[in-house]
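Notes follow once the structure below has been shown.
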Amino acid sequence: MIEFPPPSPGERTLDHEELFPIREVARLTGINPVTLRAWERRYGLVQPTRTESGHRLYSRADIDEVRTILGWIERGVAVSKVGKILARNRATQARPEQAAQPPAKDHQHWQNLLRQAAQGFDEARLERIYGQVFASYPLEVVFQEIVMPLWQELRIAHDGFGRLSEWLFLDTFLRARAWQRLQLTRDEQPTRVLLAGLPEQCRELELLVCALMLGSSEVSVSLLAPGHPLEELSLICERMAPDAVVLFSNHAPAADLSRRLARLCLGLDCPLLFAGEASEMAQDSLVGSQVVCLGGEGRLMRRRLQQCLDGHLDS
C-alpha cells in the first residue's frame, strides 16, 4: 500500500487516498497484471494513476471496478462490451434522483464491516451491521450500492481457503433477511405481479432483491423460485391470474432470447416485462415486440413497472 504525494496541476486528484501497485491488485482480485494492462490499453477499462516513472497505482475505487468487470465477464458479457455497461451505470447514478446516495467511501466502510462479520462467521454482528445500514439508507441504496456488490465480490473470489464458506454464510444470511422483508411488505395491494428468473441465469438472492425493488404500496410481488421452465409460465399465470409477469436476468442475453420471449407472450393474458441488467443489453433486439424492458436500476424498474400497469409505457 502506497501513500501518493499531492498531485501537480492537471493530474488526477487523490485526496491522500490509498493506492496499490499492480502486483497487489492482482493478488486482491485474482487478475494477472498482463490482463489488467490489456483491459486498460484495448478497452479503456480501469485507468490507474501513473507515477513519474510510469508505474501504475490503483485506488480502492479502481479495485472495485476490476471486481465489477469480473462480475460481468462471469455473467457471460464480453469484456469488449463491459465498458458500455459501466458508462451507462455511471450515467444512471449521476441522475438527480440518485443524489441521496452515500459517497463511495461510505459504501466501502459498510462493506468492510459486513465483510469482517462474514469472515468471522459472526451472525449476531452481521445482523447488527445489516440493521444499521438499513437504518441509514433507502432500500435501493442498501442493496445496489452496498450489499450486492460485496455479495458479488465474495461470490467470484473463491481463490483462497475459506472464501467459498464466507460467501455461502453471507448468501444464506441475506436470502433469509430479504425473504423476511418481502413477506413483511405483503399487505392487500390491489395489483399483483409475478416475478420469475430466466432458467440458470440468476440466483435466489438476486430474484429476492428484484422483488423488493419492484414492490410498492400499490404492487405485490409473488416470486417463483429459480428453475421454473419458461414453457410452463402460461399454465402458472392461468391459475394465478397476475396483472403482469416480470422475467429477470443479470446475464448476457442469449441470441434466441427475443424469439423465446415473443413466443411466450402469445400464451399470456397479461403484459410480459423484462428486468435486470440483461433487459438493457437486450433492449435493441426487443424493439417492436410486446416485451417491456424495465432496466436494472431499482427506482427505474419500479417507475417503469407502474407506468406499464397504468398503460402509459409502450414496449
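The values are calculated or read from the model by the stated rules, or taken from the named source; none is laboratory data. Since we're looking at a predicted model, the values are computed, not measured. Neighbour counts run over all protein chains shown; Cβ positions are idealised from the backbone, glycine included.
Summary table
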| item | result |
| --- | --- |
| Any hit, segment 269-277, residues being of a type outside the set (D, E, K, R), over 25 Å from residue 142 (Cβ atoms), surrounded by fewer than 21 Cβ atoms within 10 Å (Cβ to Cβ) and not assigned by TED's automatic domain parsing to the domain that holds residue 139 | yes |
| Residue tally, condition buried (at least 19 other Cβ atoms within 10 Å of the Cβ) and of a type in the set (A, V, I, L, M, F, W, C), over segment 253-263 | 2 |
| Answer from 214, 195 - the residue that is modelled with pLDDT of 95 or more and touching a strand residue (DSSP E or B) at 6+ places or on another chain (Cβ under 7 Å) | 195 |
| Selection from segment 138-154 of residues that are buried (at least 18 other Cβ atoms within 10 Å of the Cβ), without any contact (Cβ under 8 Å) to a residue 60 or more places away in the chain and not hydrophobic (A, V, I, L, M, F, W, C) | 145 |
| Helices (runs of 4 or more DSSP H) lying entirely in segment 1-96 (those with 2 or more residues that are among the acidic types (Asp, Glu), surrounded by 14 or more Cβ atoms within 10 Å (Cβ to Cβ) and at pLDDT below 75) | none |
| Residue check for residue 139: at pLDDT below 90 and within 19 Å of the chain's Cα centre (by Cα) | no |
| Residue list for segment 213-250, filter: surrounded by fewer than 20 Cβ atoms within 10 Å (Cβ to Cβ) and touching a residue at least 60 places away in the same chain (Cβ under 8 Å) | 216, 218, 219, 243 |
| Some residue of segment 151-168 being modelled with pLDDT of 80 or more, at positive phi and either outside any helix (DSSP H, G or I) or not assigned by TED's automatic domain parsing to the domain that holds residue 25 (or both) | yes |
| Within segment 126-137, tally of residues that are surrounded by 14 or more Cβ atoms within 10 Å (Cβ to Cβ) and either under 12 Å from residue 106 (Cβ atoms) or not aliphatic (A, V, I, L, M) (or both) | 4 |
| Meets criteria (at pLDDT 90 or above and either among the small types (Gly, Ala, Ser) or surrounded by fewer than 21 Cβ atoms within 10 Å (Cβ to Cβ) (or both)) for residue 303 | yes |
| Filter result (over 14 Å from residue 244 (Cα atoms) and touching a Cys at 6+ places or on another chain (Cβ under 8 Å)) within segment 285-315 | 286, 289 |
| Selected residue (criterion: farthest from residue 205 (Cα to Cα)) from residues of segment 221-263 that are small (Gly, Ala, Ser) and either in a strand (DSSP E or B) or touching a strand residue (DSSP E or B) at 6+ places or on another chain (Cβ under 7 Å) (or both) | 244 |
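Results for (1) under 18 Å from the mean Cα position of the chain (by Cα); (2) farther than 23 Å from residue 80 by Cβ; (3) among the acidic types (Asp, Glu), shown as yes or no for each residue.
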{"site": "259", "(1), (2), (3)": "no, yes, no"}
{"site": "289", "(1), (2), (3)": "no, yes, no"}
{"site": "295", "(1), (2), (3)": "yes, no, no"}
{"site": "303", "(1), (2), (3)": "yes, yes, no"}
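Results for (1) surrounded by 13 or more Cβ atoms within 10 Å (Cβ to Cβ); (2) in contact (Cβ under 8 Å) with a residue 24 or more places away in the chain, shown as yes or no for each residue.
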{"position": "161", "(1), (2)": "no, no"}
{"position": "172", "(1), (2)": "no, no"}
{"position": "180", "(1), (2)": "no, no"}
{"position": "183", "(1), (2)": "no, no"}
{"position": "186", "(1), (2)": "no, yes"}
{"position": "191", "(1), (2)": "yes, yes"}
